[in-house]
Amino acid sequence: MSKKIAIVGTGLIGRSWSIVFARAGFEVWLWDPIDGAVSTAIKLIKEELPNLAEGNLLNSCSVEQVFARVHASKSLEDALDGADHIQENAPEQLEVKQKLYQQIDQLVDPQTVLASSTSGIVASLFTENLNAKEKCLVAHPINPPHLVPLVELVPTPWTAEIVIDRTTKLMHQVSQAPIRLNQEIKGFVVNRLQGALLAEAFRLVEDGICSVRDIDISISEGLGLRWSFMGPFETIDLNSPKGIRGYCENFGPLYYELAKEQADPRIWRESLLAKVEQERRQDLSADKLLNRQHWRNQRLALMVSTKKDGEAKLGK
């Protein structure tokens, strides 16, 4: 496998992907159509690396070693030349991606995999007419991928099996946790799960059942603690002496009744959004959002580091 990775689009996700690949030993070449974006990205990557080193999250590499693998490309052609894998992080706009992939298609090497970080646009909508369409798929990370390892691999109807296999292997190689979808679906898996939870959270606030803060506490001090190391199926499997069948026999009727109540989707209307925003701004003023994002990343880094230590001692 080549040691060159092309990062196309160097915003928040592109920068984070750069760290993922660079700390795993790959040479990472960044390109962005916006003037100054690459130099800004490289500066921010350099600033982030010491924090990761403190949490032992650079794969036993030094800050200098990782940073030396991050390079600025003079052009899109320069970035793609000889790359084994392209991680595209363009804005979440179909027209932008269609135009960009037409450019990439004219420059890409035959062996290169084209992976999109798109959060919900299925790749068939912007790859169907490409010569290299069988090399295309979605590799959707969870923000920020250098701290949250999950990656959703979503093939198009024409993605070659070897491309999925190679991308799965690559993600394992860079210490990510890939899951594979068998077919395209709007929003993929994680956003569909998150969307179901958000829909109910907004519903509970709109109906006056509880506050925004209490909803957040119910996850951060409740469900989220278990979900940080096991998923919903394992959770219910362990919540009954008879395992998952016993749990479903006991609680299946209740969840069915709840599902009927939740079957009526609701638009997040302006009045509801204003209420939720007001409650959030009471807890966190708008001028402190960036500081809180930094706090979040520090907590994530600490949790990931602690989780790795725990798995080493206790097993997964």
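The numbers here are math on the coordinates, done by the rules we state, and not lab data. Quick caveat, the model's predicted, so the values are computed rather than measured. Cβ atoms come from the backbone with ideal geometry, glycine included; neighbour counts cover every protein chain shown.
Loop-located trypsin sites (Lys or Arg not before Pro) across the stretch 218-247 with a Cβ neighbour count of 13 or fewer within 10 Å are K242, with loop assigned by DSSP.
Dividing the Cα radius of gyration of the stretch 190-283 by its Kirkwood radius returns 1.02 for Rg/Rh. Equivalent-ellipsoid semi-axes for the chain (Cα gyration tensor, √(5λ), whole Å, largest first): 35, 24, 22. Peptides 6-18, 246-258 ordered by packing proxy, namely the average of other Cβ atoms within 10 Å per residue, highest first: 6-18, 246-258. When peptides 77-86, 103-112, 145-154 are sorted by average Cβ neighbour count within 10 Å, with the highest value leading, the order is 145-154, 77-86, 103-112. Ignoring lysines fewer than eight residues from K260 along the same chain, the ones with Cα atoms less than 29 angstrom from its Cα are K186, K242, K275. A Förster distance of 51 Å, applied to the separation of the beta-carbon atoms of Q278 and L181, puts the FRET efficiency at 0.85. Estimated purely from DSSP H runs of n ≥ 4, each contributing -39500 (n - 2.57), the mean residue ellipticity at 222 nm for the chain is -16000 deg cm²/dmol once divided by its residues. Within the chain, DSSP assigns beta bridges of which about 20% are antiparallel (rounded to the nearest 5).
For the cross-link pairs K74/K169; K97/K133; K99/K133; K135/K169; K4/K74, the ones whose C-alpha atoms lie over 18 Å apart are K74/K169.
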